[in-house]
1. Could you tell me whether residue 95 is within 19 Å of residue 140 (Cβ to Cβ), exposed (fewer than 13 other Cβ atoms within 10 Å of the Cβ) and without any contact (Cβ under 8 Å) to a residue 24 or more places away in the chain?
2. Name every residue in the stretch 132-163 that is under 18 Å from the mean Cα position of the chain (by Cα), surrounded by 13 or more Cβ atoms within 10 Å (Cβ to Cβ) and over 17 Å from residue 48 (Cα atoms), in order of residue number.
3. Scan the stretch 138-151 for residues that are under 15 Å from residue 88 (Cβ atoms) and touching a Leu at 6+ places or on another chain (Cβ under 7 Å) and jot them down.
4. In the stretch 89-131, how many residues are closer than 30 Å to residue 51 by Cβ and among the polar types (S, T, N, Q)?
5. Among strands (runs of 3 or more DSSP E) lying entirely in the stretch 1-113, which contain 2 or more residues that are of a type outside the set (D, E, K, R), in contact with a helix residue (DSSP H, G or I) (Cβ under 6 Å, 6 or more places away or on another chain) and at pLDDT below 90?
6. If you check 78, 90, 73, which single one turns out to be in contact with an Asp or Glu (Cβ under 6 Å, 6 or more places away or on another chain) and in the same structural domain as residue 48 (by TED's automatic domain parsing)?
7. Taking the condition closer than 30 Å to residue 45 by Cα, in contact with an Asp or Glu (Cβ under 7 Å, 6 or more places away or on another chain) and in the same structural domain as residue 69 (by TED's automatic domain parsing), does residue 160 pass?
8. Can you tell me which residues in the stretch 142-163 are modelled with pLDDT under 85 and outside any strand (DSSP E or B)?
Amino acid sequence: MNARAWVVGVGALCWACAAARPLERSEALGDPAPLPGVAAVPTHGHDVEIQLAAGCAVTGELLATDSDYLWVRRAQKREVLGVPTVLVERVNIELYTSESAAIGGWTALGALTTPSHGGFLILSLPVWLLTGITTSSYAAAHNDTHAAPKDFPKLYEYARFPQGLPPAYRSGALGLTGCH
């Protein structure tokens, strides 16, 4: 590469850098996209099971938490329920679907194919069963977490509305007074 080409290349690079616009996040560089409706936003709270001191449980989607209540949307009745934290003994939170049944199905299918391995069946069947059963059990047992009363202030991380329940939901909410 000769010196003249090198100087022209460096000059072009310097000009491009000097002419570039700084990134300005408050300025849109194109047609603004319309905002989606609330139903189109794929956000939801985690599924929870709230164990009450009275011995019963409340299940549903965790909507919000505050110092006095855990707000849950019960799927079967389509209602918002405020559960007083003083009545709660423990909260079980499902972090994700474990798919342990699918893993068990693949294990069974793999175990059924081992006769095609001939004499190696003696090795392949125990490997299928050992790895499949272990993996399925682990997946089923490790897809959730638990919160004791001292951990309730951290539950907002699992809620649909981590900043608090919107007033529109609060006005139609039911208060839990006991097991029902």
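The values are calculated or read from the model by the stated rules, or taken from the named source; none is laboratory data. Note that the structure is predicted; figures quoted are calculated from it, not measured. A quick note on method: Cβ atoms are made from the backbone with ideal geometry, for glycine too, and the neighbour counts reach across all protein chains shown.
1. In short, no.
2. 139
3. Correct list: 147 only.
4. Qualifying residue count, the stretch 89-131: 4.
5. Here the list is empty.
6. 73
7. So residue 160 passes the test.
8. Listed by number, the residues that qualify are 142, 143.
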